[in-house]
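Trainee: Please see the structure below; I have some questions.
The values are calculated or read from the model by the stated rules, or taken from the named source; none is laboratory data. The model shown is predicted, which means the values in this text are computed figures rather than measured ones. Heads up, the Cβs are rebuilt from the backbone with ideal geometry, glycines too, and the neighbour counts pull from every protein chain shown. Areas reflect the complete protein model, heavy atoms only, side chains present, ligands, DNA and RNA absent. Shrake-Rupley method; radii C 1.70, N 1.55, O 1.52, S 1.80 Å.
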Protein chains: 2
Amino acid sequence: MADRTHWFPARLTELDRAACLELLERSEAGRVAYCGTDGPVILPVNHVVVGGDIVFRTAAYTALARDIRRHRAAFQVDGFDADTRIGWSVLVRGPAEFLDAAELARLDLRPTPWVEGQRTLVVRIRPTEITGRRLVPA
Amino acid sequence: MADRTHWFPARLTELDRAACLELLERSEAGRVAYCGTDGPVILPVNHVVVGGDIVFRTAAYTALARDIRRHRAAFQVDGFDADTRIGWSVLVRGPAEFLDAAELARLDLRPTPWVEGQRTLVVRIRPTEITGRRLVPA
């Protein structure tokens, strides 16, 4: 196990909304969280940013599909370097909704799931809050 | 923006508990999720695995400290390659609790936060569920 007592002091700086959106757009995948009946769940998904919203696909029969609809969700991307222990993270919070056929037709870009199988549900998280932090050398 | 229509079909395989624990121990940082009053939150933390539990530190005055105590939490680690689009993820779910001084004294390893400042609260998530998946070429 790595020596976790040897570390570089770092401090957190806030990222503005533009920087957060750029990091969200640059990232190919992130993690979605929702609150199930027995607590939170975090799952990796590949996403796209469309008009400032987070869009990803899932299968219709998943717990995610059952529990995320019409509830508030979170979406997160980050990047860390374990050696230097610096990095960044961006958190999006907002309601999640399924896109219907008409809305899908209007979108010119939809995420293609990395995993095989039918992932017919397209989920959109409309951010009510976007926050980000960067860990920089102190 | 990357061409997201060109991708490699992949399939998900389940990881057993031993593989999940190994990936949790190898990872220096992950993400904790909790359900706040206005929906889920995902935050990066550096962690250690102690006796099969996830242990990390936070500051006493954070929303995390306020909302995670005695509630169910989730902790997640993953690793992905955006070029090959293969990777893995591990999800831990369970109740979160603060460690008291007696319990801290018994632990021989405590995570040192990467970020500066007082992070005096030590949080332990006792897994009631550990699941993991690996995305492999189909």
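Trainee: For the range A:53-104, give the percent of accessible area contributed by carbon and sulfur heavy atoms, probe 1.4 Å, rounded to a whole number.
Mentor: On the range A:53-104, the fraction of accessible area on carbon and sulfur atoms equals 51 percent.
Trainee: Once amide H atoms are built 1.01 Å from N in the peptide plane, which residues 5 or more positions from B:H47, or in another chain, come under 5 Å H to H?
Mentor: The list, which skips near neighbours in sequence, is B:A29, B:G30.
Trainee: Based solely on C-alpha atoms, express the radius of gyration and the Dmax of the range B:8-138 in angstrom.
Mentor: Looking at the range B:8-138, its Cα Rg and Dmax stand at 15.5, 51 Å.
Trainee: Going by amide H atoms built from the backbone, whose H comes under 5 Å of the H on A:G94, apart from near neighbours?
Mentor: Under 5 Å from the amide H of A:G94: A:A73, A:T128.
Trainee: For chain B, modelled as a Gaussian network with Cα springs under 10 Å, which listed residue fluctuates most, B:V41, B:V92, B:V77?
Mentor: B:V41
Trainee: Still on this structure: Rank these residues by their accessible area, most exposed first, probe 1.4 Å: B:C20, B:C35.
Mentor: Correct descending sequence by accessible area is B:C35, B:C20.
Trainee: Taking only the Cα atoms of the protein assembly as shown, how large is their convex hull per residue, in Å³?
Mentor: It is 130 Å³ per residue.
Trainee: Let me ask something additional. Run through the other copies and list how far each one's label point is from that of A:P137, in nm with one decimal, shortest first; the point sits 7 Å from Cα along Cα-Cβ.
Mentor: Ordered by distance, the counterparts are at 4.0 nm.
Trainee: Say we join alpha carbon atoms closer than 10 Å with springs in a Gaussian network model of chain A; which of A:R126, A:R106, A:R57 then has the biggest fluctuation?
Mentor: A:R106
Trainee: Oh, and also: Which order do A:W114, A:W88 take by accessible area at a 1.4 Å probe, largest first?
Mentor: Ranked from most to least accessible, the order is A:W88, A:W114.
Trainee: Next question, about the same structure. Say a label goes 7 Å from Cα toward Cβ at A:G51 in every copy; what distances in nm does this one have to the rest, shortest first?
Mentor: Here A:G51 shows inter-copy label distances of 5.3 nm.
Trainee: From largest accessible area down, sort A:T62, B:T128; use a 1.4 Å probe on the protein chains.
Mentor: Correct descending sequence by accessible area is B:T128, A:T62.
Trainee: In the range B:11-59, what residues drop by 40 Å² or more in accessible surface going from the chain by itself to the full protein assembly, probe 1.4 Å?
Mentor: The answer is B:E28, B:R31, B:C35, B:D38, B:P40, B:I42, B:P44.
Trainee: Find every distance from the label point of A:E103 to the corresponding label point in the other copies (7 Å from Cα along Cα→Cβ) and write them in nm, one decimal, shortest first.
Mentor: 4.1
Trainee: With springs only between Cα atoms under 10 Å apart, run a GNM on chain B and tell me which of B:A59, B:A101, B:A33 wobbles the most.
Mentor: B:A101
Trainee: Next up: Among B:A101, B:F56, B:S27, flag the residue with its Cα farthest along the positive direction of the charge dipole of chain B, charges on Cβ as +1 for Lys/Arg and -1 for Asp/Glu.
Mentor: B:A101
Trainee: In square angstrom and rounded to 100, what buried accessible area do you get between chains A and B, total over both, with the probe at 1.4 Å?
Mentor: Accessible area lost upon association: around 4300 Å².
Trainee: So what is the calculated 222 nm ellipticity per residue for the protein assembly as shown, using -39500 (n - 2.57) for each DSSP H run with n of 4 or more, over all residues, to the nearest 500 deg cm²/dmol?
Mentor: When only DSSP H runs of four or more count, the value is -4000 deg cm²/dmol.
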